[in-house]
Amino acid sequence: MTLTADLSGQVALVTGASRGIGEAVARLLAANGAKVACVARDAAKLAGAVEAIRQAGGEAEAFSCDVNDRESVEKVVDGIVEKWEKLDILVNNAGVTRDTLMPRMTDDEWDTVINTNLRGAFLFARAASRYMMRQRYGRIINMSSVSGLVGNPGQTNYSASKAGLIGMTRSLARELAGRNVTINAVAPGFIVTDMTRGIAAAAMDEAKKRIPAKRLGEPDDVAAAVLFLASRAAGYITGHTITVDGGMTA
Ligand code: NAP
């Protein structure tokens, strides 16, 4: 079961591409013909993900960068355009959690999550949209979460960042629709990655009971939604959020 789209000649940037959902997205975009710039902090892990794409016949390049760092973000975007002369697709996927109940939450736990998940996406969207507006084409996909749609105890920082991404997606969609640049969000439910592997087995069993599809999601489930939104075929869809959650929020 594979979705295909013709992305040949297109250039994509995926943040958080070293593992989990981002790695699956980068792999699928490359398999469909895009040149993919892979971003994450851990250079060694990132090199492994890029190598796997190349081994499969795709084209990819590693850009080690903290999405919080404005100067590095702008350098990465400028570097991609210098190398490949354009930027068609941006997937703002990098994200972290620092779960704890609000009364115990430290300033650092709040700031780290908001700065990585929301400010990082802002920095990349701002830098990329300058080029996309000029080239009169672009696709931006922001990785939100069902936690941005419904509350989750212990995740006030994370929910705020993911709801913020949905608001940013809607407003930016209105700003850029006239330039043929679309911005959409994807809101995954429980997906099997390092992020959810840390959750206690009992809590995951509880979570599974709330999923009508009766299974956890896989990174490839999310990557398929991203590929669709990144394709030319999705050109009249903007400002939207697609849930990929097995019906959990239906
Ligand atoms: P993951 O396995 O923990 O991977 C996170 C990725 O983000 C890694 O590549 C990590 O690489 C990168 N990253 C984290 N902080 C970064 C920073 N400051 N700068 C650059 N890169 C950074 O997570 P995942 O489960 O694949 O999640 C991917 C996205 O989906 C996140 O936005 C997450 O919130 C969202 N999501 C996940 C689920 C789920 O159930 N897994 C559900 C809903 C939404 P480095 O650490 O090397 O930087």
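The values are calculated or read from the model by the stated rules, or taken from the named source; none is laboratory data. Nothing here was measured: the structure is a model prediction, and the numbers come from that model. Cβ coordinates were reconstructed from backbone atoms using ideal geometry, including for glycine residues, and neighbour counts include every protein chain displayed. Accessible surface areas use protein heavy atoms only, side chains included; no ligands, DNA or RNA. Shrake-Rupley method; radii C 1.70, N 1.55, O 1.52, S 1.80 Å.
Details
- Qualifying residues in segment 113-126 (those that are touching a residue at least 40 places away in the same chain (Cβ under 8 Å) and open to solvent by 10 Å² or more (accessible area, probe 1.4 Å)) - the one nearest to the ligand (Cβ to nearest atom): Thr116
- Counting only helices (runs of 4 or more DSSP H) wholly contained in segment 147-250, the ones carrying 2 or more residues that are farther than 24 Å from Val11 by Cα occupy 156-176, 194-197, 201-209.
- Residue match in segment 42-55 (condition: near the ligand (Cβ under 10 Å from one of its atoms) and surrounded by 21 or more Cβ atoms within 10 Å (Cβ to Cβ)): yes
- Enumeration of residues in segment 127-167 that are more than 12 Å from the ligand (Cβ to nearest atom), of a type in the set (D, E, K, R) and either more than 22 Å from Asn180 (Cβ to Cβ) or surrounded by 19 or more Cβ atoms within 10 Å (Cβ to Cβ) (or both): Arg139
- Candidates in segment 85-105 are the residues that are of a type in the set (D, E, K, R) and closer than 30 Å to Gly151 by Cβ; of these, the one that is most open to solvent (accessible area, probe 1.4 Å) is Arg104.
- Some residue of segment 68-84 being away from the ligand (no atom under 14 Å from the Cβ), charged (D, E, K, R), under 15 Å from Ala125 (Cα atoms) and open to solvent by less than 20 Å² (accessible area, probe 1.4 Å): no
- Positions within segment 192-229 being more than 11 Å from the ligand (Cβ to nearest atom) and within 15 Å of Ala26 (Cα to Cα), in sequence order: Asp220, Ala224, Ala225, Leu227, Phe228, Leu229
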